[in-house]
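Where a number appears in this text, it was derived from the coordinates with a stated rule and is not lab data. Every value quoted in this text rests on a predicted model; they were computed, and no experiment measured them. Cβ: placed from backbone, ideal geometry, glycine included. Neighbour counts: every protein chain shown.
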Amino acid sequence: MSNVLVAYFSASGVTKSVAEKIASENGYDIFEIQPVEIYTPADLDWTDKNSRSTIEMNDKEFRPPIKETCDVSSYDILAIGFPVWWYTAPSIINTFIESVDLSGKTIKAFCTSGGSGIDKCVDDLQNTYPELDFAKGMRFMGNTSKAKEWIENE
């Protein structure tokens, strides 16, 4: 069995609960990707063109600063979780990816979303980081029973 790290960003707690379930049910290590400045409900208002998240997502080069990163050298697989923002991964995921060395690792992106799927998120990440190995992603809506098989076998 490979060493697996579940790294996740959660703005409202939904992704956090899914990531914690996946890690605890399968004995994986876990790391929370935390912004230096926590997102407030106003920051997350996608209908406000001047909200922090809208401004960040409209600037493809912007990388929100994170509190800390982690050593991923001992892991073969990283399951990176996030909510879907503007049909893709939040830019803080780019900050994390650029803060660690993921070469030679399998990256399994997972998302929490009521409507958007994971495929465009993975395509966007693969296009941004063509040198990295992004496997097929998965969307979770609370039920994590398929997580172990997806992470370890697909």
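Some points to look at:
- Residues that are in contact with an Asp or Glu (Cβ under 9 Å, 6 or more places away or on another chain) and of a type in the set (Phe, Trp, Tyr), drawn from segment 55-87: Phe62, Tyr75, Trp85, Tyr87
- Qualifying positions in segment 98-130 - under 14 Å from the mean Cα position of the chain (by Cα), surrounded by fewer than 24 Cβ atoms within 10 Å (Cβ to Cβ) and assigned to a helix (DSSP H, G or I): Glu98, Ser99, Asp119, Lys120, Val122, Asp123, Asp124, Leu125, Gln126
- Applying a threshold of 6 Å to beta carbon distances and a minimum spacing of six or more residues, or different chains, the list of pairs starting in segment 39-61 at a residue that is among the acidic types (Asp, Glu) and ending at one that is not in a loop (DSSP other than H, G, I, E, B) reads Asp43/Arg52; Asp43/Ser53; Glu56/Ser91.
- Residue list for segment 131-150, filter: surrounded by 17 or more Cβ atoms within 10 Å (Cβ to Cβ), in contact with a helix residue (DSSP H, G or I) (Cβ under 8 Å, 6 or more places away or on another chain) and touching a residue at least 40 places away in the same chain (Cβ under 8 Å): Phe140, Thr144, Ala147
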